[in-house]
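Student: Questions regarding the structure given below will be posed in turn.
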Amino acid sequence: MEPVNTDMEDIKQGNIHDYDNYLEYFNNKPVTQDYRTNYHSVTFVSTGIIPYDGGITTMLHLGTLLSKKGYDVYYQSCVPQKVENMQTNAEFNFPGYQGTCLAEESFSEHNSDIWIATLWETAYLIKNLPGYKMYFVQDYEPYFYPYGDRSQLAKRSYELGLHMVSLGPWCAEMVRKQCKLNSPLDQINFPVDVEHYQRQTRDFTKYPNKKELNLAVYTKFNSPRRAPINLQLVLYNTEKLLAQKKIKLNINYFGTNKSEVFINGKNLGKLSKNQLRELYYNSDFGIAPSMTNFSLVPFEMMSCGLPFIDFEEGTGQDFIPDDCCWYTRFNEYDLAELFEKICCEPHKLERKTNHAKNYLNQITWKKTLTDFLQLITHIERKRG
């Protein structure tokens, strides 16, 4: 009997040849920390610099602030990518970035006082290099994969002995719960760029009479961390429930390649910072689910004065106080009811968006830099 061909694809299987260039680094030898008298050069190691990537943008932002403080900052790629392409994407993600981009072929020759891993693979690459090794943990990466060897390799990267720095509290909590710690684990402030996403005044007194609601929705079509399947199903059914109440829900998805087709609403594709700001200004509510660590997008929305809705099943409550947004269960009945309820509460809309702005003013990049500099200051020094 011959099998019947279908359009369905199997779950991606493991392929060791994905790591052919790094085989010499993949072992379980614990980290060897090389302390210096002074720490002046800092190198972030990543799997290239790609556009529209929040983690890359955060790395560039932190690196730029360190550069402005006098550190020699480098962005070392461990995958084939031309330096000019790295530079172009870096400038797109974070205009005016500072630091030097290094291509893959520079890796074996480059020296640094401090090495910073940014993904689980890069923790293996740097753990036994000369210098002090840190691990900038922006997500709990075992959750990126089905349970199996990649998830185990990712989990083990937190147990290698690098000095871990968690962006916000959630990652730190997950590592403590799930892993056997053999190194320091600190956390720094999860920041927002309030300067670019200025607040726009809204007339919330118009909300009770709205018969159309414009919804800005951030998701990534192929990333379970952004709940694209559940989100589309819930919004598809919410749209129907609100239509029964003569309320039209206009859904504008963004953050995904424009070629992808959602089951409802419009796919605006991947947007620039200016396009994002205009979308937030022209929307009535924002939604951006995070099933793992968090995203910069909710803070951007809130900074612009856009009322933000999040789901209790996600991680938002670790990052946003209750008086700054609205939490609901991840189902269409609760969400539709919430839309109707909060539209009739213009004073609460005003109050919560004011609280949100005040809160964001406390978690700026200035605080994040202060947190990180404090960690570097207290790294052990080699006695001269």
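Student: Can you tell me which residue within segment 49-72, out of those that are open to solvent by 10 Å² or more (accessible area, probe 1.4 Å), of a type in the set (A, V, I, L, M) and not in a loop (DSSP other than H, G, I, E, B), is modelled with the lowest pLDDT?
Tutor: Checked segment 49-72; the qualifying residue modelled with the lowest pLDDT is I56.
Student: For the subset of segment 194-221 comprising residues that are of a type in the set (D, E, K, R) and exposed (fewer than 11 other Cβ atoms within 10 Å of the Cβ), which member is farthest from N274 (Cα to Cα)?
Tutor: Out of the qualifying residues, it is K211.
Student: Taking segment 96-108, which residues are under 20 Å from I376 (Cβ atoms) and either out of contact with any Asp or Glu (no Cβ under 9 Å at 6 or more places or on another chain) or not in a strand (DSSP E or B) (or both)?
Tutor: Scanning segment 96-108 gives Y97, Q98, G99.
Residue by residue, here is whether (1) of a type in the set (G, A, S); (2) within 15 Å of G48 (Cβ to Cβ) holds:
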residue	(1), (2)
L102	no, yes
S108	yes, no
A123	yes, no
I126	no, no
Y132	no, no
Y143	no, no
R150	no, no
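Student: Against the definition (closer than 26 Å to P298 by Cα and either touching a strand residue (DSSP E or B) at 6+ places or on another chain (Cβ under 9 Å) or modelled with pLDDT of 95 or more (or both)), how does I126 come out, yes or no?
Tutor: It is false that I126 is closer than 26 Å to P298 by Cα and either touching a strand residue (DSSP E or B) at 6+ places or on another chain (Cβ under 9 Å) or modelled with pLDDT of 95 or more (or both).
Student: Another question, if that's okay. Suppose we filter segment 351-382 for residues that are part of a loop (DSSP other than H, G, I, E, B) and touching a residue at least 24 places away in the same chain (Cβ under 8 Å); how many remain?
Tutor: Total meeting the criteria: 6.
Student: Any residue in segment 81-98 that's closer than 14 Å to T64 by Cα: show its pairings with residues that are of a type in the set (G, A, S) at Cβ separation under 6 Å, as long as the two are six or more apart or on different chains.
Tutor: Y97/A90; Q98/S67
Student: Then there is this: Scan P224, P191 and give me the residue that is touching a strand residue (DSSP E or B) at 6+ places or on another chain (Cβ under 7 Å) and either touching a residue at least 12 places away in the same chain (Cβ under 8 Å) or surrounded by 15 or more Cβ atoms within 10 Å (Cβ to Cβ) (or both). Step through it out loud before you land on a result.
Tutor: Numbers: P224 fails: touching a strand residue (DSSP E or B) at 6+ places or on another chain (Cβ under 7 Å).
When all the criteria are applied, what remains is P191.
Matching residues to (1) more than 30 Å from D72 (Cβ to Cβ); (2) aliphatic (A, V, I, L, M); (3) modelled with pLDDT of 95 or more; (4) touching a Leu at 6+ places or on another chain (Cβ under 9 Å):
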| residue | (1), (2), (3), (4) |
| --- | --- |
| D284 | yes, no, yes, yes |
| T315 | yes, no, no, no |
| E350 | yes, no, yes, no |
| R383 | no, no, no, no |
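Student: Can you pull out the residues in segment 78-91 that are surrounded by 18 or more Cβ atoms within 10 Å (Cβ to Cβ) and assigned to a helix (DSSP H, G or I)?
Tutor: Result: M86, N89, A90.
Student: If only one of L231, L215, L241, L235 is among the hydrophobic types (A, V, I, L, M, F, W, C) and part of a strand (DSSP E or B), which one is it?
Tutor: L215
Student: Does P321 meet the test of being touching a helix residue (DSSP H, G or I) at 6+ places or on another chain (Cβ under 7 Å) and closer than 17 Å to E300 by Cα? Quick ask: steps written out before the conclusion?
Tutor: Values: touching a helix residue (DSSP H, G or I) at 6+ places or on another chain (Cβ under 7 Å): yes; closer than 17 Å to E300 by Cα: yes.
Considered against the rule, which asks whether it is touching a helix residue (DSSP H, G or I) at 6+ places or on another chain (Cβ under 7 Å) and closer than 17 Å to E300 by Cα, P321 comes out as yes.
Student: Of all helices (runs of 4 or more DSSP H) completely enclosed by segment 247-350, which ones contain at least 1 residues that are farther than 24 Å from N222 by Cα and open to solvent by less than 10 Å² (accessible area, probe 1.4 Å)?
Tutor: Qualifying helices (runs of 4 or more DSSP H): 297-303, 332-343.
Student: State which residue is modelled with the lowest pLDDT when the search covers only segment 356-377 and only residues that are among the β-branched types (V, I, T) and open to solvent by 40 Å² or more (accessible area, probe 1.4 Å).
Tutor: T377
Student: Looking at the structure I just gave you, is D20 over 21 Å from L162 (Cβ atoms) and either modelled with pLDDT of 95 or more or in contact with a helix residue (DSSP H, G or I) (Cβ under 8 Å, 6 or more places away or on another chain) (or both)?
Tutor: no
Student: Residues that are open to solvent by 20 Å² or more (accessible area, probe 1.4 Å): which helices (runs of 4 or more DSSP H) entirely in segment 109-184 hold 2 or more of them?
Tutor: 149-157, 169-178
Student: Continuing with the same structure: Which residues, counting only those in segment 92-103, are of a type in the set (S, T, Y) and crowded, with 21+ Cβ neighbours inside 10 Å?
Tutor: Y97
Student: Identify, please: which residue in segment 227-243 is in contact with a helix residue (DSSP H, G or I) (Cβ under 9 Å, 6 or more places away or on another chain) and surrounded by fewer than 17 Cβ atoms within 10 Å (Cβ to Cβ) and is, among those, nearest to K210 (Cα to Cα)?
Tutor: The extreme case among them is K240.
The values are calculated or read from the model by the stated rules, or taken from the named source; none is laboratory data. Please read all numbers here as calculations on a predicted model, not as lab measurements. Positions of Cβ are generated from backbone atoms using ideal geometry, with glycine treated the same way; all protein chains shown enter the neighbour counts. Accessible surface areas use protein heavy atoms only, side chains included; no ligands, DNA or RNA. Shrake-Rupley method; radii C 1.70, N 1.55, O 1.52, S 1.80 Å.
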